[in-house]
Amino acid sequence: MSDKTILVVGTYDTKNDELEYMVERVRALGGGTLSMDISVLGDPEKPTDFSKHDVAEAGGSSIKAAIDSGDENTAMQIMAKGASTLARQLFAEGKFDGVVVLGGTMGTDAALDICQALPLGVPKYVVSTVSFSPLIEPQRLSADIQMILWAGGLYGLNSVCKSSLSQAAGAVLGAARAVEPPTNDRPMVGMTSLGSSCLKYMKKLKPELEKRGFEVAIFHATGMGGMAYESIARDGGFACVMDFALPELGNLLAGSVINGGDDRMLNAGKAGIPQIVAPGCLDLIDFAGWQEIPEQYRDRPFHAHNRLIKCSALNAEERRETAREIAKRLKASETPSHVILTNGGIEEWDREGQEANDPEAFGEFCDEMRKQMTAPIHFTELDCHINDQAFVDAVLQIFDGWIEDGTIKTGAR
């Protein structure tokens with residue numbers, strides 16, 4: 001008997017040999033498999049465990065509707081919806097332990113939806129001709145997705161593509177055997193931050209929250225981290241959030257690719273999760289280290305963090321816009337939101353003498369925050385820097401008050 005079962009997904013009409021090769025590799029390693037066909041026009045060489053008809057019907061449609069649409073994009077979206085729905089249902093029923101999806105651009109489009117449909121902790125592997133490509137919008141990547149480039153495998157098996165396929169087969173089975181999914185045995189606080197050279201509060205808050213019986217997950221607010229944070233918030237995975245690093249919001253407004261998605265700062269409120277918020281590092285625009293700084297930002301204060309990321313400062317009006325956007329998003333919340341503004345600074349590089357120090361623009365931001373943070377948002381202004389002990393003390397005071405009045409639930413998830 002096999003110990004773990006892997007769901008193998010792809011268009012079996014055009015990639016039957018490649019998919020069957022992965023099935024064989026998983027089985028050779030002692031794993032079990034289920035096969036799912038997301039083809040539209042053709043048929044596999046032998047029946048799969050879940051046919052293309054099963055897939056289309058799971059999404060409330062049919063293969064006939066996909067074909068009759070006369071449009072390959074529409075057809076694949078029908079299959080992607082059905083595959084995501086069916087995969088989610090099968091996993092809830094305990095039918096498989098990990099998933100691997102194979103595809104070119106069509107199969108990858110569906111793969112991203114399938115992976116997003118499955119919970120955090122389910123091994124998710126995508127073998128794709130466009131892995132790591134700028135074609136893939138960051139918002140479509142699930143929190144724990146894994147990808148490998150399907151090199152040399154566009155049509156037919158060969159020794160080059162077998163290297164990728166066999167690695168994926170072994171990786172997903174190994175991950176299914178090794179993974180420790182979230183236990184949910186303690187209530188969790190979701191916190192956003194950046195590295196401690198910029199924001200330091202997590203060093204003091206994490207042990208204090210753990211003393212109170214909470215697990216703490218800290219997300220790196222550099223795009224992918226914010227998306228993972230929002231994904232868990234969307235599913236109600238936190239007892240409380242401490243959203244203290246907001247550069248992804250400023251990046252979104254400025255058009256930078258280093259953002260956490262259009263729904264940044266919205267999911268906790270929709271899911272009924274209380275929020276403590278501070279505008280940490282909401283004075284800089286992040287750019288990929290390899291790209292040229294756009295001309296309109298070249299005359300700003302500049303900080304090169306490393307070869308992957310570099311920053312320009314927001315001007316006064318742009319900072320006012322971020323304050324208005326914070327208010328707009330938090331006022332859509334269905335649960336309490338408490339904003340803390342530290343008028344002595346919001347990240348380490350804005351201190352006097354540092355590259356991002358701009359008292360005039362920061363003063364404009366603080367002024368707009370005072371105007372915008374009105375009911376139902378709770379608002380506290382502190383005469384300190386965000387990296388000072390006074391900020392940590394204020395956060396814990398709000399947190400403890402919410403525990404006492406029942407706003408924060410202390411039971412296991």
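For this structure, a couple of remarks:
- Largest accessible area first, the residues S39, S231 order themselves as S231, S39 under a 1.4 Å probe with ligands, DNA and RNA left out.
- Based on C-alpha pairs under 8 angstrom that are at least 6 apart in sequence, the chain has a relative contact order of 11 percent.
- Taking the 1.4 Å solvent-accessible surface of the chain as the whole, the part contributed by carbon and sulfur is 50%.
- Pairs of Cα atoms nearer than 8 Å and 6+ residues apart set the relative contact order; for segment 229-387 it is 23 percent.
- Per-residue surface analysis assigns R234 an accessible area of about 120 Å², computed on protein heavy atoms at 1.4 Å probe radius.
- Anisotropy class of the chain from Cα gyration tensor, a/c 1.5 cut: prolate
- Tilt relative to the chain, helix 105-117 - C-alpha long axis, 0 to 90 degrees, to 10: 60
- Area accessible to solvent at R300, 1.4 Å probe radius, in Å²: 40
- In the assembled protein chains, M36 presents an accessible area of approximately 0 Å² (probe radius 1.4 Å).
- Taking other residues whose beta carbon is less than 13 angstrom from the beta carbon of G156, and scoring Lys, Arg as +1 and Asp, Glu as -1, yields -1.
- Solvent exposure ordering (accessible area, 1.4 Å, most first) of F244, F91, F50: F91, F50, F244
- Residue order for M106, M202 - accessible surface, 1.4 angstrom probe, largest first: M106, M202
The values are calculated or read from the model by the stated rules, or taken from the named source; none is laboratory data. No experiment lies behind these values; they were computed from the predicted model shown. Heads up, the Cβs are rebuilt from the backbone with ideal geometry, glycines too, and the neighbour counts pull from every protein chain shown. Side chains are part of the model used for accessible areas, which takes the heavy atoms of the whole protein and leaves out ligands, DNA and RNA. Shrake-Rupley method; radii C 1.70, N 1.55, O 1.52, S 1.80 Å.
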